[in-house]
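The values are calculated or read from the model by the stated rules, or taken from the named source; none is laboratory data. Computed from a predicted structure; not experimentally measured. Using ideal geometry, Cβ is built from the backbone for each residue, glycine included, and neighbour counts are taken over all protein chains shown.
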Amino acid sequence: MAKFGKWIGGGLGWAFGGPIGAIIGFTVGSMFDGGTSQVQKGSVTGFSGRTTTGGYVMSLLVLVAAVMKADGKVLKSELDYVKKFLVQNFGQSSAAEAIKILQDLLKQTIPVDEVCQQIRQNMNYSARLQLVHFMFGIAQADGHIDITEKKLIAHICGQMGITDSDFESIQAMFVPNTDSDYRILEIEVTATDIELKKAYRRMAMKYHPDKVSNLGEDFQNAAKEKFQKVNQAYENIKKERKMV
């Protein structure tokens, strides 16, 4: 069975209920009867308090659909980015199943605020940060981040309880400017070397892949990109300051 089938078969957790469950209910149900999925009918389990991998994937796809629709058009480059990401991290078969669900979600109206509130109430902060990282990556797939996409991601962050500083940090990983490295580390250009080192340790702990280990090895590996950008920002500033 493909990883995607195992995720769904293993349960959607809290995502099985609420607005996310309502949005994906028909889509997942159609997978059982379409003859193409490796998920077995009746295998989806119901509510649990923890964030399962299946629930996380569905939350991600719902938010991705909302961001992709934000500028009024869905580009092939955006779909290609999502597919490439899924293939690289979860394999061809799982990516194919996820894209089918995403294409269905793109036809629906996404109640963004309600979805974000459900995620905020049930998903830990580190997992929510990783969702933001994914959304920025997808928004940038066509070479730039449209202002409507940026505004929607900012709104989603607010609704999910993400702090402004964390939003700016992740945004700086995708929208470079003269002080991007400082923004990533959530410090001012005027910060002392000691403050820089403290900021790096703080951000390294916040963005460490182990923070999402409960979602499984696949998502833990995907989280390494964000962690590596923190390390690179720190190295860039050290080089600029000629720090040993």
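The table below lists the values:
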quantity	calculated
Residue in segment 170-191 that is surrounded by the fewest Cβ atoms within 10 Å (Cβ to Cβ), counting only those that are of a type in the set (Ser, Thr, Tyr) and assigned to a helix (DSSP H, G or I)	Ser180
Pair list, Cβ < 8 Å and 6+ apart or interchain, from segment 97-118 residues that are under 24 Å from Gly161 (Cβ atoms) to residues that are crowded, with 16+ Cβ neighbours inside 10 Å and aromatic (Phe, Trp, Tyr)	Gln118/Trp14
Unique match (being closer than 28 Å to Lys76 by Cβ and among the hydroxyl-bearing types (Ser, Thr, Tyr)) among Thr178, Thr190, Thr148	Thr148
Any hit, segment 78-91, residues being part of a loop (DSSP other than H, G, I, E, B) and at pLDDT below 90	yes
Residue selected from segment 210-244 under the condition surrounded by 14 or more Cβ atoms within 10 Å (Cβ to Cβ) and of a type in the set (D, E, K, R), by the criterion nearest to Leu131 (Cα to Cα)	Lys226
Close pairs (8 angstrom Cβ cut-off, 6 or more residues apart or separate chains): under 14 Å from Ile145 (Cα atoms) in segment 64-80, at pLDDT below 80 and not hydrophobic (A, V, I, L, M, F, W, C) anywhere	Met68/Glu78; Leu75/Asp142; Ser77/Asp142; Ser77/Gly143; Glu78/Asp142
Residue list for segment 92-115, restricted to those being assigned to a loop (DSSP other than H, G, I, E, B) and not β-branched (Val, Ile, Thr)	Leu106, Lys107, Gln108, Pro111
Unmet requirement for Glu186, which otherwise passes all of (1) within 18 Å of the chain's Cα centre (by Cα); (2) on the phi > 0 side of the Ramachandran plot	(1)
Qualifying residue in segment 192-209 (condition: in a helix (DSSP H, G or I), modelled with pLDDT under 95 and surrounded by 15 or more Cβ atoms within 10 Å (Cβ to Cβ))	yes
Test for Ile145: is it in contact with a His (Cβ under 7 Å, 6 or more places away or on another chain) and surrounded by 18 or more Cβ atoms within 10 Å (Cβ to Cβ)	no
